[in-house]
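**Student:** Here you go, one structure.
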Amino acid sequence: MALQAGIVGLPNVGKSTLFNAVSNSAKAQASNYRFCTIDPNVGLVDVPDARLKKLAELVRPDRIVPTQIEIVDIAGLVRGASKGEGLGNKFLGNIREVDAIIHVIRCFEDENILRDEGAINPVGDKEIIDIELQLKDLESVDKKLSRIEKQARLDPKLKVEYEVLLRCKEHLEKGKSIRELSFTKEERPAIADLFLLTEKPVLYVANVDEASMHTGNKFSAALQEAVKNENAQVIIMNNSIEAQISEMEDPGDKQMFMEEYKMTEPALDRLIHSAYKLLNLQTYFTAGVQEVRAWTIHEGWKAPQAASVIHTDFEKGFIKAEVIAYNDYISYGSEAACRDAGKLRIEGKEYIVKDGDVMHFRFNV
Ligand SMILES: Nc1nc2c(ncn2[C@@H]2O[C@H](COP(=O)(O)OP(=O)(O)O)[C@@H](O)[C@H]2O)c(=O)[nH]1
Ligand SMILES: [Mg+2]
């Protein structure tokens, strides 16, 4: 199953515009991606990957199949969401289910577009959302703390859990997010069952006006300054322009429109790519004449587990894998040339798959 990135933010910041841009871009004929709607607010979208294109140029397959992620348009959160304001509990529940957060922040002025929070204030907006997520997490942590408190005095194993939870509580009460904390392997189970909202990786979209889409503006600069210690990416884009590009079916029109705005590629490509990276995912490829395809795995997966993404039988009957590093494939130009040059490795069950590996699995069923 594809991993999910959820689009989060205050109302009227451009979340749905962004979601529509992604979905239209894929629906239009000139699209770079496939997209399918799973639900009005959930779409499955291709992840652009330049390596896949390069492999396909060499192999010339019938089909090119990128890997995909799910994008979810989550309704706007408002101040007080953690206390149930504006269907807050429902929307916060939607966030709990996603694997990563795309936080859209309004960095454009437009008096026709309603805003409850006064003058444009990206840092303030971000804090409103952060606080709601932190309060919700605090509720989860408190609940578990009171549940295990008594036993923790007797059971040393629970004592570790208790202390981890206490650390989380203090951190949240300072208005900070769990993703800033680090946990050891032994500590992690203490919170794993809580699916904390502020633990999820985040990237920010600064939705700026047209004039600032290449340079950013004072609002996006303030946002960048505010998050500089978070180690999180800020993507500057104009969601309306992206939505317009995405609606164009004719590749020529699209090209002309983008040239007019001095764009070399839609910012969406960058966004989807970044969301994929945020999910901590890796890609390996299969390259055959029928299809050249990208497959998603997690860092550290061994060859049989990676094979299971194609088919569970591949894992059960795994014998070995033939592996060519992506760069070797590109420099030698074909599987045969790699084999002749000794660049095709035979790897066994313990092999840890690397990002970009071109794999061929041998298995029996
Ligand atoms: N001026 C301007 N308007 C935008 C931009 N992005 C979205 N909007 C408009 O803002 C309104 C709210 O956008 P929407 O995507 O529905 O916001 P959501 O509530 O966050 O989902 C719509 O009228 C959009 O057309 C932008 O970059 N610039
Ligand atoms: Mg919306």
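**Student:** Which residue, of Ile236, Ile191, is part of a strand (DSSP E or B), under 21 Å from Asp130 (Cβ atoms) and out of contact with any Pro (no Cβ under 8 Å at 6 or more places or on another chain)?
**Tutor:** Ile236
**Student:** May I pose another question? Any residue at all in the stretch 102-111 that is touching an Asp or Glu at 6+ places or on another chain (Cβ under 8 Å), aliphatic (A, V, I, L, M) and within 16 Å of ligand 2 (Cβ to nearest atom)?
**Tutor:** Yes, some residue in the stretch 102-111 is touching an Asp or Glu at 6+ places or on another chain (Cβ under 8 Å), aliphatic (A, V, I, L, M) and within 16 Å of ligand 2 (Cβ to nearest atom).
**Student:** May I ask you to verify whether Arg147 is part of a helix (DSSP H, G or I) and surrounded by fewer than 13 Cβ atoms within 10 Å (Cβ to Cβ)?
**Tutor:** The answer is yes for Arg147.
**Student:** Filter the stretch 62-83 down to the residues that are part of a loop (DSSP other than H, G, I, E, B) and open to solvent by 30 Å² or more (accessible area, probe 1.4 Å), then identify the one that is nearest to ligand 1 (Cβ to nearest atom).
**Tutor:** Ala75
**Student:** I'm checking my understanding of the structure. Among residues of the stretch 84-95 that are open to solvent by less than 60 Å² (accessible area, probe 1.4 Å) and of a type in the set (A, V, I, L, M, F, W, C), which one is nearest to Asp137 (Cα to Cα)?
**Tutor:** Leu92
**Student:** Sticking with this one: Quick check on the stretch 60-84: of everything there that is polar (S, T, N, Q) and closer than 18 Å to Ser274 by Cβ, which residue is farthest from ligand 2 (Cβ to nearest atom)?
**Tutor:** Filtering first and then ranking leaves Thr67.
**Student:** Looking at (1) within 16 Å of ligand 2 (Cβ to nearest atom); (2) touching a residue at least 24 places away in the same chain (Cβ under 8 Å); (3) not polar (S, T, N, Q), which one does Leu87 not meet, given that it meets all the others?
**Tutor:** Unmet condition: (2).
**Student:** Continuing with this model, one more query. Quick check, is Asp116 within 22 Å of Leu77 (Cα to Cα) and either part of a helix (DSSP H, G or I) or open to solvent by less than 90 Å² (accessible area, probe 1.4 Å) (or both)?
**Tutor:** Judged against the criteria, Asp116 is not a match.
**Student:** Regarding Ser212, is this residue open to solvent by less than 40 Å² (accessible area, probe 1.4 Å), of a type in the set (Gly, Ala, Ser) and within 23 Å of Asp125 (Cα to Cα)?
**Tutor:** Yes.
**Student:** Given the criterion of a type outside the set (S, T, N, Q), within 23 Å of Gln68 (Cβ to Cβ) and not in a loop (DSSP other than H, G, I, E, B), identify the matching residue among Ala243, Ala222, Ala211.
**Tutor:** Ala243
**Student:** Looking at (1) closer than 30 Å to Ala192 by Cβ; (2) assigned to a strand (DSSP E or B), which is the one condition that is false for Asn94?
**Tutor:** Every listed condition holds for Asn94 apart from (2).
**Student:** Keeping to the stretch 213-241, report how many residues are within 16 Å of ligand 1 (Cβ to nearest atom) and hydrophobic (A, V, I, L, M, F, W, C).
**Tutor:** Count: 8.
**Student:** Considering the stretch 258-293 alone, what residues qualify as being open to solvent by less than 30 Å² (accessible area, probe 1.4 Å) and assigned to a helix (DSSP H, G or I)?
**Tutor:** If the condition is that a residue be open to solvent by less than 30 Å² (accessible area, probe 1.4 Å) and assigned to a helix (DSSP H, G or I), then Met258, Ala267, Leu268, Asp269, Leu271, Ile272, Ser274, Ala275, Tyr276 are the ones that fit.
**Student:** Now a separate question. Does Lys185 fit the bill of being of a type in the set (Lys, Arg) and either in contact with a helix residue (DSSP H, G or I) (Cβ under 8 Å, 6 or more places away or on another chain) or at pLDDT 95 or above (or both)?
**Tutor:** Considered against the rule, which asks whether it is of a type in the set (Lys, Arg) and either in contact with a helix residue (DSSP H, G or I) (Cβ under 8 Å, 6 or more places away or on another chain) or at pLDDT 95 or above (or both), Lys185 comes out as no.
**Student:** Within the stretch 302-343, track down each residue that is of a type in the set (Gly, Ala, Ser) and part of a helix (DSSP H, G or I).
**Tutor:** Those that are of a type in the set (Gly, Ala, Ser) and part of a helix (DSSP H, G or I): Ala303, Ala306, Ala307, Ser308, Ser331, Ala336, Ala337.
**Student:** Say we look at the stretch 149-204 and pick out the residues that are without any contact (Cβ under 8 Å) to a residue 40 or more places away in the chain and of a type in the set (Gly, Ala, Ser); which of these is nearest to Asp99 (Cα to Cα)?
**Tutor:** Here the answer is Ala192.
**Student:** For residues in the stretch 1-42 being part of a helix (DSSP H, G or I) and either within 21 Å of Pro251 (Cβ to Cβ) or modelled with pLDDT under 75 (or both), which is nearest to ligand 2 (Cβ to nearest atom)?
**Tutor:** Per the criteria, the residue is Asn20.
**Student:** Taking Asp355 as meeting all but one of (1) surrounded by fewer than 18 Cβ atoms within 10 Å (Cβ to Cβ); (2) out of contact with any helix residue (DSSP H, G or I) (no Cβ under 7 Å at 6 or more places or on another chain); (3) over 18 Å from Thr67 (Cβ atoms), write down the number of the exception.
**Tutor:** Looking at each condition in turn, Asp355 falls short on (3).
**Student:** A further question on this structure: Which residue out of Val45, Val59, Val98 is modelled with pLDDT of 85 or more, touching a Cys at 6+ places or on another chain (Cβ under 9 Å), open to solvent by less than 60 Å² (accessible area, probe 1.4 Å) and away from ligand 1 (no atom under 13 Å from the Cβ)?
**Tutor:** Of Val45, Val59, Val98, the one residue that is modelled with pLDDT of 85 or more, touching a Cys at 6+ places or on another chain (Cβ under 9 Å), open to solvent by less than 60 Å² (accessible area, probe 1.4 Å) and away from ligand 1 (no atom under 13 Å from the Cβ) is Val45.
The values are calculated or read from the model by the stated rules, or taken from the named source; none is laboratory data. Just so it is clear, the model here is predicted, and its values are computed rather than measured. Note that each Cβ is placed from the backbone with ideal geometry, even for glycine, and that neighbours are counted across all protein chains shown. Please note that ligands, DNA and RNA were not included when accessible areas were found on the heavy atoms of the full protein model with its side chains. Shrake-Rupley method; radii C 1.70, N 1.55, O 1.52, S 1.80 Å.
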